[in-house]
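Okay, structure first, notes after.
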Amino acid sequence: EAGVVQSPRYKIIEKKQPVAFWCNPISGHNTLYWYLQNLGQGPELLIRYENEEAVDDSQLPKDRFSAERLKGVDSTLKIQPAELGDSAVYLCASSDRDRPSWQFFGPGTRLTVL
Amino acid sequence: SQQGEEDPQALSIQEGENATMNCSYKTSINNLQWYRQNSGRGLVHLILIRSNEREKHSGRLRVTLDTSKKSSSLLITASRAADTASYFCATTDTDNYGQNFVFGPGTRLSVLP
């Protein structure tokens with residue numbers, strides 16, 4: 001079974017530039033999560049999708065961050081414009097309805113904003 | 001803000017020794033989980049313990065949960081160099097059963113050969 005796929009693995013951009021991250025969850029997993037992980041810290045939830053619906057985006061900075069999961073499968077997280085403080089690892093995870101507490105994580109995208 | 005707080009922040013031991021990490025949390029929980037993260041990689045689920053359980057084992061892992069003290073511990077026995085990683089506890093509270101995780105800052109374990 002393929003795991004959660006994320007791309008790119010690394011991204012370096014200058015501040016004020018836009019950036020997008022892509023995630024393909026495990027096949028059949030209806031729930032998809034985007035997390036932000038700062039260096040030396042645990043992941044913090046940005047947004048959770050149930051199928052194509054964003055059911056919790058309370059921690060997503062909506063002035064510059066946006067996300068979509070149009071067909072309820074893969075998802076894109078965008079930052080526009082990026083700021084220096086956005087440098088972090090962006091993790092995607094998924095889970096299925098039978099075991100919602102068991103999240104499977106992708107390898108993450110490490111973003112560096114210069 | 002993060003609910004779970006792991007202790008210690010960093011731990012260095014020799015191969016073959018046991019490693020114990022602790023996690024404290026603040027609110028009532030449905031379950032608590034431990035994850036491992038190798039450098040530059042995603043998190044890997046290790047073990048889940050429900051709020052009505054007190055102890056669980058999985059291979060060389062032993063997890064305890066004390067809901068009266070709002071704390072959990074992860075014991076790795078006979079550690080190996082490959083156990084070197086960061087370990088995080090994550091909780092789901094009674095308002096978001098099985099859904100939103102709250103992670104602690106993690107314990108960075110180094111196992112020296």
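Going through segment B:43-81 one residue at a time, which ones are over 21 Å from A:ARG99 (Cα atoms) and among the acidic types (Asp, Glu)?
B:ASP66
Filter segment A:78-114 for residues that are within 9 Å of chain B (Cβ to nearest Cβ) and among the hydroxyl-bearing types (Ser, Thr, Tyr) and give the result.
A:SER95, A:SER101
Here's the yes/no breakdown for (1) open to solvent by less than 50 Å² (accessible area, probe 1.4 Å); (2) touching a Gly at 6+ places or on another chain (Cβ under 6 Å):
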site	(1), (2)
B:ALA19	yes, no
B:SER28	no, no
B:ARG36	no, no
B:ARG62	no, no
B:LYS70	no, no
B:SER86	yes, yes
B:PRO105	yes, yes
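Using the structure shown, decide if A:LEU60 is within 11 Å of the chain's Cα centre (by Cα), among the aliphatic types (A, V, I, L, M), within 11 Å of chain B (Cβ to nearest Cβ) and open to solvent by less than 50 Å² (accessible area, probe 1.4 Å). Talk me through it step by step, then tell me what you get.
Numbers: within 11 Å of the chain's Cα centre (by Cα): yes; among the aliphatic types (A, V, I, L, M): yes; within 11 Å of chain B (Cβ to nearest Cβ): no; open to solvent by less than 50 Å² (accessible area, probe 1.4 Å): yes.
Answer is no for this residue.
Of these, B:SER12, B:SER58, B:SER51, B:SER39, which one is hydroxyl-bearing (Ser, Thr, Tyr), under 14 Å from A:GLY40 (Cα atoms), more than 10 Å from the chain's Cα centre (by Cα) and more than 10 Å from chain A (Cβ to nearest Cβ)? I'd like the intermediate steps shown before the answer.
Details: B:SER12 fails: under 14 Å from A:GLY40 (Cα atoms); B:SER58 fails: under 14 Å from A:GLY40 (Cα atoms); B:SER51 fails: under 14 Å from A:GLY40 (Cα atoms).
Just one listed residue meets the conditions, B:SER39.
The values are calculated or read from the model by the stated rules, or taken from the named source; none is laboratory data. Note that this is a predicted model, so its numbers are computed, not measured. Heads up, the Cβs are rebuilt from the backbone with ideal geometry, glycines too, and the neighbour counts pull from every protein chain shown. Calculation scope for accessible area: heavy atoms of the full protein, side chains included, ligands and nucleic acids excluded. Shrake-Rupley method; radii C 1.70, N 1.55, O 1.52, S 1.80 Å.
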